[in-house]
1. Full-extension gain between ALA207 and ARG40, please, as 0.36 nm times their residue separation minus the C-alpha to C-alpha distance.
2. Tell me the relative contact order for the range 1-145 as a rounded percent, counting alpha carbon contacts under 8 Å between residues six or more apart.
3. Taking R0 as 30 Å, what FRET efficiency do you get between VAL169 and VAL225 from their Cβ-Cβ distance, rounded to the nearest 0.05?
4. Work out the FRET efficiency for VAL238 and LEU53 from their Cβ-Cβ distance, taking R0 = 41 Å, and round it to the nearest 0.05.
5. Leaving ligands and nucleic acids out of the surface, order GLU17, GLU206 by accessible area at 1.4 Å, largest first.
6. For TYR142, TYR65, TYR232, TYR81, give me the order by solvent-accessible area with a 1.4 Å probe, most accessible first, ignoring ligands, DNA and RNA.
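The values are calculated or read from the model by the stated rules, or taken from the named source; none is laboratory data. Keep in mind the model is a prediction, meaning the values are calculated, not measured. Cβ atoms come from the backbone with ideal geometry, glycine included; neighbour counts cover every protein chain shown. Surface accessibility is based on the protein's heavy atoms, side chains included, excluding ligands, DNA and RNA. Shrake-Rupley method; radii C 1.70, N 1.55, O 1.52, S 1.80 Å.
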Amino acid sequence: MQDAGVKWLVAGFPVPEVMVMRSLVILPFCVAFAGPGVARRAVVSPIRMQLFLRSLVLVAAWVCYYTAARSLQLAELTTIYFSSPLLVTALAMPLLKERVPPARWASLVIGFAGILIACRPHDLGHAGPIALAFAAALLWAYTTVLIRQVVQAESTAVLLFVSNATIVVVCGLALPFLWRQPSWPQFGLMALVAVFGAGGQFLSMEAIRRAPASVVAPISFSSLVWAFCFGYAVWGDVPDVAVFIGAGLILASGGIVAAAEWRATRRPASAAVLRPG
């Protein structure tokens, strides 16, 4: 729902304005959730430099993604974005020292094949937006790795506060030159996008806090189905056959990981039942 709202907004508003308005709505939620001391906790945090680095990478990711949303169908945009969970799985072993079993490597091969097909390398007319969407996915994968490295040291509210405060400061510098006055309905949509975004960020961070990043990331693949539905319902978009094939392979790659994790959790329970005494 956030992505659908973003695509609608960036058709008529500068990307930095949408980002700032979104973050200005999220920041009070952070304060309400964690208390007025959340800003001080962010400033004195022992990992404040890591948090700031992650926030700068996140700003770059959002700029790339929002800009790509102007030119790509929602289904295309979301399909390319889903190279991000695959990249997280690929980065989890060398950077996070997480063990990646063979089933996940198989899912990577299938998933990246789907991304390659969906990106349609022969379609040079959309090369720029596709490159921006893939760059956003790569940057998001890196922010997920950074979250996993610092998430135990700070609360989710502090992480959200720092990232959104950075967006307001960095993108706010461009607003005097780019500002377009939104109507009340348009402002309401910006606020709604912020609520969806805050909820998604919070739940994603809490999930990563509780499980390995390479396990959590593929679960978000269900968003693909919603992207196709919203794209058709709002804009009447019917994606290219290559996008359908690519999305199907990406969903299959997520299914492989989900099945492997289900078997892994069932095994100890079965062993406990069969163990005598």
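1. Extra length available between ALA207 and ARG40 comes to 57.6 nm.
2. Taking the mean separation of contacting Cα pairs over the length of the range 1-145, I get 34 percent.
3. The computed FRET efficiency comes out at 0.25.
4. Using R0 = 41 Å, I get an efficiency of 0.50.
5. Result, largest first: GLU206, GLU17.
6. Of TYR142, TYR65, TYR232, TYR81, the descending order of accessible area is TYR232, TYR142, TYR81, TYR65.
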